[in-house]
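Here the structure is laid out as structure tokens; the discussion comes afterwards.
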Amino acid sequence: MNRSVFEMHWQYYLSIEKMLVKTNQYVTHSKKNKDAYSDEFASIILLSCSELDSLFRQLCDNYGIQSESKYFKMKDYARVIGKYFGNDFGLATGINTINDDSIIIFPFEYIDATKPYANLKWWKDYQLIKHDRIKNVTKGNLLNAVNSVAAQFIILRELIEFIDDSNGKEYIRKNYWSEYWVPVV
């Protein structure tokens with residue numbers, strides 16, 4: 001991957017992450033509020049997952065994975081995720097909450113290429129919002145927003161590996177992080 005292309009994706013990610021962080025002023029990012037929904041959460045989900053679609057395609061290209069149909073679908077992406085970097089990468093929100101009630105997520109934990117939407121509830125909900133936002137207003141919730149932005153972050157971190165060493169891959173790996181996410185294992 002070309003470093004300048006990566007940096008364009010990274011800057012876009014940071015703008016979406018900033019939108020998510022700002023919502024904490026109104027809805028604390030905690031497990032108790034995971035089902036809180038709003039137009040802003042729906043917007044974050046739509047922006048993040050739309051970008052994820054591009055990032056997933058880039059990941060498939062980098063690993064030489066072809067779509068089984070005319071267009072790439074989540075089942076194509078799921079094959080790459082499951083085969084090359086697994087589903088055990090977890091993140092916690094870096095927002096301080098009362099009683100350590102942070103949201104801890106593993107966006108790809110239940111990924112399965114044989115199931116609809118690759119068994120990812122947040123991706124299914126994104127599709128529902130995309131095709132009928134009014135009918136699916138409650139799908140635009142905090143948990144889906146956190147999952148989609150976390151997935152975007154994880155895929156970007158994986159794409160760093162495709163930057164040529166001479167283009168500063170090691171620098172990017174060490175310095176392009178987030179103040180919002182805390183890794184969990």
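The values are calculated or read from the model by the stated rules, or taken from the named source; none is laboratory data. In this text the structure is predicted, and so the values were computed from the model without any measurement. Every residue, glycine as well, gets a Cβ built from its backbone with ideal geometry; the counts of neighbours run over all protein chains shown.
Within region 36-56, identify whether any single residue is modelled with pLDDT under 95, among the acidic types (D, E) and out of contact with any strand residue (DSSP E or B) (no Cβ under 8 Å at 6 or more places or on another chain), and answer yes or no.
no
Kindly check whether there is at least one residue in region 153-176 that is in contact with a Ser or Thr (Cβ under 9 Å, 6 or more places away or on another chain) and surrounded by 20 or more Cβ atoms within 10 Å (Cβ to Cβ).
Yes, the conditions are met somewhere in region 153-176.
Do we have D35 as surrounded by fewer than 16 Cβ atoms within 10 Å (Cβ to Cβ), touching a residue at least 24 places away in the same chain (Cβ under 8 Å) and more than 21 Å from W177 (Cβ to Cβ) here?
Yes, satisfied.
Which of the numbered conditions does D88 fail, given that it passes all the others? Conditions: (1) surrounded by fewer than 15 Cβ atoms within 10 Å (Cβ to Cβ); (2) modelled with pLDDT of 90 or more; (3) under 20 Å from E161 (Cα atoms).
Against the list (1) surrounded by fewer than 15 Cβ atoms within 10 Å (Cβ to Cβ); (2) modelled with pLDDT of 90 or more; (3) under 20 Å from E161 (Cα atoms), D88 comes up short only on (2).
How many of the residues in region 38-85 are among the polar types (S, T, N, Q), touching a helix residue (DSSP H, G or I) at 6+ places or on another chain (Cβ under 6 Å) and surrounded by fewer than 19 Cβ atoms within 10 Å (Cβ to Cβ)?
2
Going by the structure shown, is E109 of a type in the set (D, E), surrounded by fewer than 23 Cβ atoms within 10 Å (Cβ to Cβ) and outside any loop (DSSP other than H, G, I, E, B)?
Against the criterion (of a type in the set (D, E), surrounded by fewer than 23 Cβ atoms within 10 Å (Cβ to Cβ) and outside any loop (DSSP other than H, G, I, E, B)), E109 does not qualify.
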